[in-house]
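Only the coordinates and a few stated rules stand behind these numbers; no lab work does. Quick caveat, the model's predicted, so the values are computed rather than measured. Neighbour counts are summed over all protein chains in view; Cβ atoms, including those assigned to glycine, are modelled from backbone coordinates with ideal geometry.
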Amino acid sequence: MISGFYERIVGTSPPPEPNEPKILCVGLSCLDIVQICKNYPKEDTDQRCIDLRYQRGGNASNNCTVLSKLGQPCEFLGVLSNEQFSQFLQDDMRSHKIDFSHCPIIEDIGCPKSVVLLSLSTGSRTIIHHNQSNAEIKLQDFEKLNLEDYSWIHFEGRNISEVILMMQHIEAYNKSLTQKEIEDSKECIQQPITISVEIEKMKVELLDLLPYADIAFVSKDFAKSRGYTNMSETLKCVSKDAKTGVTIFSAWADRGAMARAPDGTIIQSPAYPPRKIVDTLGAGDTFNSAILYYLNRAKLNSKRNSEDTQLHVNDIQQNYNIESSEKSQTHFINRLVLQEAISFACKLAGAKIGMQGFDGLN
Ligand code: ADP
Ligand code: FRU
């Protein structure tokens with residue numbers, strides 16, 4: 001199933017194949033208690049909000065919500081618990097067809113929660129988060145996965161040292177595929193896994209994750225915390241810490257988004273604001289998911305059509321001056337694909353902020 005949104009924004013696209021590999025998102029799932037206010041409240045006042053709802057939140061969990069709305073097979077990996085709010089999160093993932101079968105479920109660790117104030121007058125979202133246990137996925141949880149099931153693994157940049165170990169585990173798996181190809185002297189059915197990471201929270205140590213990522217998303221909150229004032233400055237400064245061949249995205253609210261391609265070329269999209277902004281909670285998560293979705297489709301399609309793939313790879317190698325021996329995990333990315341992906345992502349994020357929650361993204 002490809003959603004109506006996709007068709008309206010991009011046109012038709014082949015539906016996912018049966019048994020298509022999944023996109024795995026590793027990170028947080030939490031309860032969001034969302035209060036819709038006319039204005040952002042003054043401190044120490046007593047007032048009524050217009051509406052209140054609770055929904056499943058957390059970046060990786062939101063990424064899965066949007067991916068599943070787009071018809072993309074996906075899985076969430078994060079620590080869950082057995083308490084009532086965590087049960088709500090699990091029921092909600094089930095109803096969205098999000099696989100969470102590898103999540104450790106730990107007793108008595110509580111459920112992470114956010115209180116979110118949405119201001120209808122400014123469109124702002126103010127998040128106050130609480131996580132009593134700070135329990136995170138560890139390498140030993142990650143090692144239980146069968147990596148053949150995934151085409152793409154996305155990490156919400158969190159517990160840095162463990163995330164690095166997980167990324168190294170994927171790198172070793174990818175190398176084993178190349179080795180097998182050399183030994184069998186034929187192309188392996190399994191494609192290497194693309195690794196992406198989100199640098200969102202205002203912690204400079206998150207930059208340590210960049211050398212392991214093929215694709216990176218740098219949030220405006222992180223950028224501002226480093227003193228960057230715009231997207232090009234962000235991309236220029238952050239790319240110094242990244243590996244060769246990386247593609248980096250910087251999204252910035254009403255300024256739209258920008259990407260830096262592997263050869264340093266800059267690609268940009270304006271924002272597509274809705275008539276009225278009602279809910280910016282998860283705008284960045286929607287943008288990132290749309291990119292994951294679009295680029296993953298480009299990757300699978302380039303594999304499916306092998307003749308085209310060879311032409312495509314030659315084209316990309318010329319585009320980016322990449323020697324054939326340096327073919328990267330992101331060989332399916334060229335300027336056109338990047339331009340389409342970033343425009344699609346800004347359109348989807350623009351549509352999202354015009355509606356409450358994610359339910360309307362069907
Ligand atoms: P977040 O604050 O959730 O990290 P961002 O500011 O990075 O979100 O926005 C992600 C994308 O959502 C932007 O690139 C843009 O396309 C869209 N967006 C967010 N806020 C606005 C806005 N006020 N007007 C228009 N588009 C917006
Ligand atoms: C939005 C979000 C919310 C959650 C918070 C956690 O991006 O994932 O759903 O409460 O961020 O930081």
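Taking 26 Å as the cut-off for C-alpha to C-alpha distance, list the pairs among K113/K201; K138/K243; K224/K347; K38/K352; K113/K347 that go past it. Can you show the working numbers first?
Numbers: K113/K201 17 Å; K138/K243 24 Å; K224/K347 24 Å; K38/K352 19 Å; K113/K347 29 Å.
Too far apart for the 26 Å limit: K113/K347.
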Positive dipole terminus of the chain, leading residue within S68, S121, L165 (C-beta point charges): S121
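Order these peptides, 222-229, 57-64, by their mean beta-carbon neighbour count within 10 angstrom, highest first. Walk me through the numbers before you get to the answer.
Working: 222-229: 15.5, 57-64: 28.1.
Listed from highest to lowest mean packing, they are 57-64, 222-229.
Sorted by packing (mean other beta-carbon atoms within 10 Å per residue), highest first, where do 19-30, 264-275, 113-124 land?
On the way: 19-30: 22.5, 264-275: 14.5, 113-124: 16.9.
Put in order of decreasing packing, that is 19-30, 113-124, 264-275.
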Only Lys, Arg (+1) and Asp, Glu (-1) charged, at Cβ; the chain dipole about Cα centre in debye: 1220 debye
Cα-based reach from K144 at 17 Å (exclusive), listing aspartates and glutamates while leaving out same-chain residues under 8 positions away: E75, D99, E136, E162, E171
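Magnitude of the Cβ-charge dipole of region 214-278, K/R +1 and D/E -1, about the Cα centre, nearest 20 debye? Could the numbers behind the result be given before it?
On the way: 10 positive and 6 negative charges, 46 e Å.
Dipole magnitude for region 214-278 comes out near 220 debye.
Which FRET efficiency value, to the nearest 0.05, do you get for E205 and N301 by plugging their Cβ-Cβ distance into 1/(1 + (r/R0)^6) with R0 = 41 Å? If you can, show how the numbers build up before the last one.
Numbers: r = 36 Å, r/R0 = 0.88.
After rounding to 0.05, the efficiency reads 0.70.
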In Å, descending, principal axis extents of the Cα set of the chain: 70, 44, 39
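Calculated from DSSP H runs of 4 or more alone, at -39500 (n - 2.57) each and per residue, what is the 222 nm mean residue ellipticity of the chain, nearest 500? Write down the numbers at each step before the final one.
Numbers: 10 runs with 130 residues, N = 362.
Taken over the chain, the calculation gives -11500 deg cm²/dmol.
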Rounded if a/c under 1.5, otherwise prolate or oblate - region 97-247, Cα gyration tensor axes: oblate
Check: region 137-296 dipole with +1 on Lys, Arg Cβ and -1 on Asp, Glu Cβ, in debye: 720 debye
